[in-house]
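The values are calculated or read from the model by the stated rules, or taken from the named source; none is laboratory data. For clarity, every value in this text was computed on a predicted model and none was experimentally measured. Here the Cβ is made from the backbone with ideal geometry for all residues, glycine too, and neighbour counts use every protein chain on show.
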Amino acid sequence: MKSRFGPQKIMFPCPVALVVTGTAERANIVTIAWVSLLTSSPPMLGISVGTRGFSGKEISERGEFTVNIATSDIMREADFCGLTSGRDTDKFAATGLTKMESSVIKAPIIKECPLNFECLLESSTIFGTTNHFAAKIVETHIDNDKLKDLSDYTSIDIERFDPLIYIGGVREYRKAGPVTGKAYSVGNSIKEQQ
Ligand SMILES: Cc1cc2nc3c(=O)[nH]c(=O)nc-3n(C[C@H](O)[C@H](O)[C@H](O)COP(=O)(O)O)c2cc1C
């Protein structure tokens, strides 16, 4: 048996992205769980941002932002950035999170987040009270101490990274669990039985 609930917004697990807009002098952070890669070539990502908040307007006006992936270490800071608005709060000052210069764009990245994307806005589509921004990834930064091989961006050590995971709908934060299989591989055992 299943229970029906009509159209609902519930999704998990979600990464916790801290999206930064503005400049080194005046930057804002917003917590965004509705984030996804969109295409691989060129690498693009999408974020859904409420039209009523401060950040949506900033992204539309400035055409750029950074996406910084949060870790369990900064759970409280990440939650705070989702409870307050850049209209009346300097979230960098309040949380103590550190701005680092980006390579290509003006919006800074966050030092405490081990994975950072610099993004240039490509398109924006409003659905109801949410603006869906599609953006090109123009640079990617990863902390050296989270990589097993400095020349391979896919060699991230997930235990050391310890990504903060959000369970949408249930409103819980969790940690990543143990490895249970090799992706693009374990399914081959079924293929072989065909
Ligand atoms: C865990 C978490 C996830 C969130 N995800 C989103 C999201 O995906 N999109 C969104 O518009 N707001 C999301 N929010 C709410 C915004 O972060 C919140 O409205 C914020 O205060 C807006 O800040 P701003 O006015 O500085 O832009 C989330 C909040 C939390 C705590």
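Does residue 16 satisfy being near the ligand (Cβ under 7 Å from one of its atoms) and at pLDDT 95 or above?
Values: near the ligand (Cβ under 7 Å from one of its atoms): yes; at pLDDT 95 or above: yes.
Yes: the conditions hold for residue 16.
Does any residue of region 135-154 turn out to be modelled with pLDDT of 95 or more and within 16 Å of the ligand (Cβ to nearest atom)? Don't jump to the end; show me each part of the working.
First, pick out the residues of region 135-154 that are modelled with pLDDT of 95 or more: 135-154.
Among the residues that remain, those that are also within 16 Å of the ligand (Cβ to nearest atom) are: 135.
Yes, region 135-154 contains a residue that is modelled with pLDDT of 95 or more and within 16 Å of the ligand (Cβ to nearest atom).
If you take the residues in region 87-110 that are among the acidic types (Asp, Glu) and within 16 Å of the ligand (Cβ to nearest atom), which one is surrounded by the fewest Cβ atoms within 10 Å (Cβ to Cβ)? Show your work before the answer.
The first filter runs over region 87-110 and keeps only residues among the acidic types (Asp, Glu), leaving 88, 90, 101.
Subset that is within 16 Å of the ligand (Cβ to nearest atom): 88, 90.
Details: 88: 7, 90: 13.
The selected residue is 88.
Among the residues of region 163-184, is there at least one that is away from the ligand (no atom under 16 Å from the Cβ), buried (at least 17 other Cβ atoms within 10 Å of the Cβ), part of a loop (DSSP other than H, G, I, E, B) and touching a residue at least 24 places away in the same chain (Cβ under 8 Å)?
no
Any residue in region 126-137 that's touching a residue at least 40 places away in the same chain (Cβ under 8 Å) and more than 19 Å from residue 37 (Cβ to Cβ): show its pairings with residues that are assigned to a strand (DSSP E or B) and of a type outside the set (Gly, Ala, Ser) at Cβ separation under 9 Å, as long as the two are six or more apart or on different chains.
Final answer for the pair search is 126/132.
Name the residues in region 120-130 that are within 22 Å of residue 40 (Cα to Cα) and under 17 Å from the mean Cα position of the chain (by Cα), would you? Walk me through it before giving the result.
Taking region 120-130 and keeping what is within 22 Å of residue 40 (Cα to Cα), we get 120-125.
The answer is 120, 121.
With 130, 95 as the choices, which residue is of a type outside the set (Phe, Trp, Tyr), modelled with pLDDT of 95 or more and more than 16 Å from residue 27 (Cα to Cα)? Even if it seems obvious, please write down each step before you answer.
Details: 95 fails: more than 16 Å from residue 27 (Cα to Cα).
After applying the criteria, what remains is 130.
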